[in-house]
Amino acid sequence: MSEKYLRQQNLVILPPEQPKHRPYDWHANNRAQNLFSLDQQALADRVISESDRVIDETKHATEESKGEVDFRLKERIEDIRFRRDELQQQKKEAHIEEEALKVYKRRTIDAINTLREIAVPLCQKCIVLRETREGTDLVNDGVDRELRKELDVTEGGIALLETVLEQCVEQIRRLRATIYLLDRDLADKDRSIRIDEKNLELRPNQMEMKVYAGRVPLDPYNSTDEEWIMVTNRNIEATAKEINSAQPLRSYIDQLLKQVAEDIRTQVGRTDAAFRQRTAELRYTKIKLENVHKETVRQVNELTRTVTRLEREIAEKEGYVALAQTRLANRSQRPGIELCRDNVYEGLKKELAALRETIAKLDGSLVKSKATLRYLLNTQVMQEEEINLKTQSLRIDEVDCMTMRESFKFQDF
């Protein structure tokens with residue numbers, strides 16, 4: 001019969017009978033389960049007690065460890081801040097020294113420009129102007145020597161200032177290099193302070209906290225604490241060394257600027273004194289030549305008048321000669337025995353001889369006077385040329401050079 005038929009007849013199909021335990025086994029199993037449960041409960045109690053003990057111990061150790069780390073973080077932050085303050089103080093002093101050196105650099109550059117653009121061209125222009133003197137006035141006098149010495153002193157001062165300017169620029173560069181290292185160190189310390197302050201604010205129950213599961217190590221340390229201190233000290237010492245090098249350099253630059261200015265001022269004073277002495281000599285010589293020239297002009301005029309008088313006297317004497325000769329010629333026309341050498345004849349002959357001797361003397365005086373006049377005129381021309389030379393030299397020294405030099409008032413750098 002099929003299963004469907006049996007269902008329709010409401011008949012129950014019994015499964016095959018399974019093997020069964022004995023009551024003893026059942027009681028034994030219950031006792032074993034009870035003992036096992038009691039053992040497990042005892043074990044659980046021991047584990048709970050041990051866990052509570054471990055929790056209490058680890059909690060205390062954890063809190064103690066965290067407190068110690070927090071204390072070390074605060075201590076580290078204070079240490080970094082102390083080092084940062086030292087670096088900032090050193091940086092401030094370096095900046096002050098750098099600005100001071102910049103001022104001295106500007107003073108040195110201004111001094112070089114003043115000497116190169118004003119003092120040297122002024123001195124050279126005076127030398128060129130004095131080279132336009134003519135004749136015997138073109139002499140290597142004291143003014144020439146002082147001018148060339150002034151040019152040498154000025155150019156020497158420029159060379160010294162250029163050398164110290166290079167040293168100043170190099171020192172500023174070294175200070176900036178140390179400031180750059182200080183800035184890097186300060187930036188690193190500021191970042192370290194922010195990181196440690198943030199770590200100090202962290203709490204274990206924050207939402208974003210989780211256990212790191214990456215493979216990159218969390219302690220990629222580059223140096224030890226001693227090396228960290230050594231690097232900071234090295235930066236501070238390097239900056240202090242550059243500051244200590246800059247301070248004597250500033251003193252040296254200041255002293256050099258004063259010394260160069262004093263040397264040039266002293267030499268300019270000597271040159272001006274030489275100019276004044278030379279102009280005084282020229283003026284004295286010119287006045288002396290003018291006085292001599294006046295006397296020469298007077299003598300020329302006197303000689304001119306003397307030549308005119310001599311010529312007039314000779315012409316007058318020639319008239320007397322002509323008169324005597326005419327009388328002789330007329331008396332030679334006497335007839336016969338009347339043509340005799342009488343007293344008149346002897347007087348005429350004697351007068352004629354005296355007139356010729358007088359004319360000869362006058363001619364000699366005239367020739368001598370004319371020669372002297374020519375010499376005096378030549379002398380007058382020479383004197384006028386010398387006066388013109390002295391006037392030109394005086395104009396060059398007193399008007400052109402001294403006026404130009406007085407327009408430049410030499411001050412300290």
**OP:** Considering only residues that are crowded, with 19+ Cβ neighbours inside 10 Å and not acidic (Asp, Glu), look in region 95-104 and name the one that is nearest to LEU151 (Cα to Cα).
**Re:** TYR104
Original post:
Checking GLU134 against (1) more than 29 Å from the chain's Cα centre (by Cα); (2) more than 30 Å from ASP272 (Cα to Cα); (3) not hydrophobic (A, V, I, L, M, F, W, C), which single condition isn't satisfied?
Top reply: (2)
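Picking from ARG234, ARG203, which residue would you name as being at pLDDT 90 or above, of a type in the set (D, E, K, R) and either surrounded by 14 or more Cβ atoms within 10 Å (Cβ to Cβ) or out of contact with any helix residue (DSSP H, G or I) (no Cβ under 8 Å at 6 or more places or on another chain) (or both)?
Values: ARG203 fails: at pLDDT 90 or above.
Being at pLDDT 90 or above, of a type in the set (D, E, K, R) and either surrounded by 14 or more Cβ atoms within 10 Å (Cβ to Cβ) or out of contact with any helix residue (DSSP H, G or I) (no Cβ under 8 Å at 6 or more places or on another chain) (or both) holds for just one of ARG234, ARG203, which is ARG234.
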Original post:
If you go through region 105-148, how many residues are closer than 23 Å to ASP263 by Cβ and open to solvent by less than 90 Å² (accessible area, probe 1.4 Å)?
Top reply: 26
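Tell me yes or no: at least one residue of region 379-399 is among the acidic types (Asp, Glu), over 30 Å from VAL300 (Cβ atoms) and either open to solvent by 50 Å² or more (accessible area, probe 1.4 Å) or part of a helix (DSSP H, G or I) (or both). Before the answer, list the steps.
From region 379-399, those among the acidic types (Asp, Glu) are 384-386, 397-398; that's our starting set.
Cutting the leftovers down to over 30 Å from VAL300 (Cβ atoms) gives us 397-398.
Checking which are either open to solvent by 50 Å² or more (accessible area, probe 1.4 Å) or part of a helix (DSSP H, G or I) (or both) leaves us with 397-398.
Checked region 379-399: at least one residue is among the acidic types (Asp, Glu), over 30 Å from VAL300 (Cβ atoms) and either open to solvent by 50 Å² or more (accessible area, probe 1.4 Å) or part of a helix (DSSP H, G or I) (or both).
Of the residues THR326, THR266, THR285, THR308, which single one is touching a residue at least 24 places away in the same chain (Cβ under 8 Å) and either over 30 Å from HIS95 (Cβ atoms) or open to solvent by 80 Å² or more (accessible area, probe 1.4 Å) (or both)?
Details: THR326 fails: touching a residue at least 24 places away in the same chain (Cβ under 8 Å); THR266 fails: touching a residue at least 24 places away in the same chain (Cβ under 8 Å); THR308 fails: touching a residue at least 24 places away in the same chain (Cβ under 8 Å).
The conditions single out THR285.
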Original post:
Would you pick out the residues in region 178-201 that are under 19 Å from GLU86 (Cβ atoms) and hydrophobic (A, V, I, L, M, F, W, C)?
Top reply: ILE179, LEU181, LEU182, LEU186, ALA187, ILE193
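The values are calculated or read from the model by the stated rules, or taken from the named source; none is laboratory data. In this text the structure is predicted, and so the values were computed from the model without any measurement. All Cβ positions, even for glycine, are placed from backbone atoms using ideal geometry, and neighbour counts span all protein chains on display. Each accessible area value is taken on the protein alone, full model and side chains, heavy atoms only, with ligands, DNA and RNA left out. Shrake-Rupley method; radii C 1.70, N 1.55, O 1.52, S 1.80 Å.
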